[in-house]
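The values are calculated or read from the model by the stated rules, or taken from the named source; none is laboratory data. Since the structure is predicted, the reported quantities are computational estimates derived from the model, not experimental observations. Here Cβ is always computed from backbone atoms with ideal geometry, including for glycine, and neighbour counts include all displayed protein chains. Ligands, DNA and RNA are stripped out before the accessible areas are found, and what is left, the full protein with its side chains, is counted by its heavy atoms. Shrake-Rupley method; radii C 1.70, N 1.55, O 1.52, S 1.80 Å.
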Amino acid sequence: MTDSNKEAYEMLIDRYRRFVSIHDANGVLLWDEYVTMPEGGRAVRSQQRATLETLAQKQITDSEIEELLDTVDEDQLTDAEAANVREIRREYEQATGVPTSIKEDLSELTSEAHPAWNEAKNTDDFSVFAPYLRKIVEKKRDYAIAVDPDTDPYETLVGEFVPQLDFDTVERTILGVKNELLPLLEEIHRSDVSLNTNAVHGDYDEKEQFAAGRDLLDLIGFDWDRGRLDTFDQPGTFGFPSDARVCTWTDRSLYQTLYTTAHEAGHGLYAQGLPEEKYGTPLGQDRGTLVHESQAALWENRVFAHRTFWDTFLPTLKERFPDIDAPAQEAYESVNYVRERNPVWVEADELTGQIHVLLRFEIERDLINGNINVEEVPAVWNEKTEEYFGVRPDTVAKGCLQDIHWVQGNIGYFPTYTLGNALAAQFTAALERELGDIGDLIRDDEIDRILEWTQEHIHRHGRRYTTPTLIRRVTGESLSADDFIDYTTRKYSKLYDL
């Protein structure tokens, strides 16, 4: 590489590092706002976050970025360096395609919307939150049109979370899951099999449930020197290699604490598995929401919900909660039984959880594309819930306001849960081809090998590969629902003797 090309590349990386640092500092403030900030700090925090958002955007949209991108000769770069440039170019083009004012408005609006969402849930009055949701939808539509005026707005928003995947693949995967799982659910409805539904669903002291969440993270290899576990009324994870912050809840059943912790731990482990020495560059960042959700689904559904896991973990759980007297098989059943008439997503099982995602996908798509308006959301939500689950939510907290995603402006995120489960099944199939059955690994106290495999094949690459390329490198095929459908059908057919 010539000296001038090396200098231009290093200047580009330096500029991008500053952007990442400011962006992540804003993320830390958001985590603090949700988890530890006193209520009185909300107004000032909104200004602080808007300021950091502006500073971050100035870094990534600065004309010097464009000049450096034009100057760097990619033919002189290594594959890793070229990947950095490719990803910086993609992010620059996205950032410059949207006016800063739209992003600033969204940042401030979503911060202001959170207390209104809480109040609307607590008072069962959707109208309290409706004005904020209307503005969020309008701003997200403006955002999408600014990114690509020639594409369906919802398609553009989904593309933010599944970079480089075409929308046809997204829809085909989701509809494939719908078409196969809805008939499977009907078969389960007709089954006479009775499973244990209570073994790990007791309501216990919140401190003890929190401690059980830490036990779970200990077992799967969470690094406490580079991460922490906290509680929040809506679980989530924020982080980077040296600082992964997992939030769960402990004010519900023990099962909900544990499975939520397992899901969020998958996000945390992905953050910790990224190469810390490459922090601030695309090679030190996660590949995107789709891959992130695949890691959460892998640990939640393929490890935590595995039959053999309960042989391993149940003794620890019984030490903390002596009144749990079920054997491992019944604990496994109580984690995986199908919640047939359940309107609340976070209380769903692995199977019906995908139908909950479908409901949200359909509603937010129609909202953004203008087929329904905000005032119709509660009624449409309740109608779809009754159609899919045979029950109507009796409050907005159990209906259209049960999730935090729209409050945060994350419209287009929901499909990644089903896509993530599909990808997790493909990753698991690849892992088992190389290491053997996951159940055997758990039984032999080799859970660490599962984590090491994901770190080696997925985490350490950061954004070196595009999403489709990464999927094909790891699995040998493109994104598909086939492995997930096969795995789910086998699992629930055995549970319900179909």
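Show which lysines lie in cross-link reach of Lys103 when reach means a straight Cα distance below 21 angstrom and same-chain residues fewer than eight apart are skipped.
Straight-line reach from Lys103, under 21 Å: Lys58, Lys135, Lys139, Lys140.
Of the listed peptides 488-498, 13-23, what is their order by residue-averaged count of other C-beta atoms within 10 Å, with the highest listed first?
13-23, 488-498
Provide the net charge surrounding Ile22, with neighbours chosen by a C-beta distance below 15 Å and charges set as Lys +1, Arg +1, Asp -1, Glu -1.
Result for the neighbourhood of Ile22: 0.
So if R0 is 60 Å, what FRET efficiency would Glu432 and Ser63 give, r being the distance between their Cβ atoms, rounded to the nearest 0.05?
That gives a FRET efficiency of 0.75.
What does the convex hull of the Cα atoms of the range 1-123 come to per residue, in Å³, rounded to a whole number?
Taking only Cα atoms, the range 1-123 has a hull volume of 115 Å³ per residue.
Bins of 5 Å, beginning at zero and ending with the bin holding the largest distance: percent of Cα pairs per bin for the range 228-309, please.
All Cα pairs considered, the percentages come to 3, 16, 24, 23, 17, 10, 5, 2, 0.
For Lys178, go through the lysines and keep the ones whose alpha-carbon is under 18 Å away, minus same-chain ones fewer than eight residues off.
Leaving aside lysines fewer than 8 places away in the same chain, those within reach of Lys178 are Lys384, Lys491.
Tell me which DSSP H helices of the chain clear both cut-offs, 24 Å or more of axial length from alpha-carbon atoms and a mean Kyte-Doolittle hydropathy of at least -1.0.
Helix filter hits for the chain: 3-35, 42-61, 126-147, 167-190, 254-273, 350-368, 415-435.
Might you report the magnitude of the Cβ-based charge dipole of the range 367-487 about its Cα centre, with Lys and Arg at +1 and Asp and Glu at -1, to the nearest 20 debye?
600
What residues from the range 84-124 fall in the zone where the backbone N is under 17 Å from a label point 7 Å along the Cα-to-C-beta line of Gln164?
Counting backbone N atoms under 17 Å from the label point, the list is 84-94.
Starting from the Cα of Val193, move 7 Å in the Cα-to-Cβ direction to define the label point; list residues of the range 328-345 whose amide nitrogen is under 15 Å from there.
Counting backbone N atoms under 15 Å from the label point, the list is 329-340.
Expressed as a fraction of 2.2 N^0.38 Å, the rule-of-thumb size for a compact globular protein of N residues, what is the C-alpha radius of gyration of the range 314-441?
1.32
Would you mind working out the magnitude of the charge dipole of the chain relative to its Cα centre, with +1 at each Lys and Arg C-beta and -1 at each Asp and Glu C-beta, to the nearest 20 Debye?
300
In straight Cα distance, which lysines are under 28 Å from Lys207, not counting same-chain residues fewer than 8 positions off?
Once the sequence-local lysines are set aside, what remains near Lys207 is Lys121, Lys318, Lys398.
Between Thr2 and Arg341, what FRET efficiency comes out of the Förster formula 1/(1 + (r/R0)^6) with R0 = 60 Å and r the beta carbon distance, rounded to 0.05?
0.35
Based on the alpha carbon coordinates of the range 304-378, what radius of gyration and maximum Cα-Cα distance (Dmax) apply, in Å?
Spelled out, the Cα radius of gyration and Dmax of the range 304-378 are 18.3, 54 Å.
When the helices in the chain are scored as -39500 (n - 2.57) per DSSP H run of 4 or longer and the sum is shared across all residues, what 222 nm value do you end up with, to the nearest 500 deg cm²/dmol?
When only DSSP H runs of four or more count, the value is -21000 deg cm²/dmol.
Give me the Kirkwood hydrodynamic radius of the chain in Å, from all C-alpha pairs, to one decimal place?
Over the chain, the inverse of the mean reciprocal pair distance is 23.6 Å.
By what distance, in whole Å, do the Cα atoms of the range 391-498 stretch along each of the three principal axes, largest value first?
Result for the range 391-498: principal-axis Cα extents of 48, 43, 27 Å.
Taking Cα centroids, how far is the range 327-397 from the range 263-291 in Å?
The range 327-397 and the range 263-291 have Cα centres spaced 29 Å from each other.
Which semi-axis lengths, in whole Å and largest first, follow from the square roots of five times the eigenvalues of the Cα gyration tensor of the range 170-306?
For the range 170-306, the semi-axes come out at 29, 23, 11 Å.
Translational diffusion coefficient, Stokes-Einstein: compute it for the range 24-84 using the Kirkwood radius over C-alpha pairs as Rh, at 25 °C and 0.890 mPa s, and state it as an integer in µm² s⁻¹.
Stokes-Einstein gives a translational diffusion coefficient of 172 µm²/s.
Using R₀ = 30 Å, calculate the FRET efficiency as 1/(1 + (r/R₀)^6) where r is the Cβ-Cβ separation of Ser478 and Asp366; round to 0.05.
0.60
Please compute the per residue accessible area over the range 32-165 with all protein chains in place, 1.4 Å probe, rounded to a whole number of Å².
Ligands and nucleic acids excluded, the figure is 46 Å² per residue.
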